[in-house]
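Enquirer: Have a look at this one before I ask anything.
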Amino acid sequence: MPHKFRLGQLVRLRSQAAARNANRIYEIVSLLPDDAEPPGYRIRSTEAGTCDAREPELVPASRTSNPAS
């Protein structure tokens, strides 16, 4: 299954999208191997550091997007 997101793309964690502090934005810094289902990513934010996430956990974001809208 191909990756939906690309390197450098800004994303939010789905669990945070509905949370009060949904302003945390992550950058895709690497794609995890394609053998995993669903595809995975290494993501980084200045506040939370680096972690791994699977595609269903992520939603697209931008630095100017308003999560309340």
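The values are calculated or read from the model by the stated rules, or taken from the named source; none is laboratory data. Remember, it's a predicted structure, so these values are computed and weren't measured experimentally. Here the Cβ positions follow ideal geometry from the backbone for every residue, glycine too, while neighbour counts run over all protein chains shown.
Enquirer: Condition test on A68, is it modelled with pLDDT under 90 and touching a strand residue (DSSP E or B) at 6+ places or on another chain (Cβ under 9 Å)? Give the steps one after another, and end with the answer.
Expert: Details: modelled with pLDDT under 90: yes; touching a strand residue (DSSP E or B) at 6+ places or on another chain (Cβ under 9 Å): no.
Spelling it out, it is not the case that A68 is modelled with pLDDT under 90 and touching a strand residue (DSSP E or B) at 6+ places or on another chain (Cβ under 9 Å).
Enquirer: When segment 27-45 is examined, which residues are found to be touching an Asp or Glu at 6+ places or on another chain (Cβ under 9 Å) and part of a loop (DSSP other than H, G, I, E, B)?
Expert: L32, P38, P39
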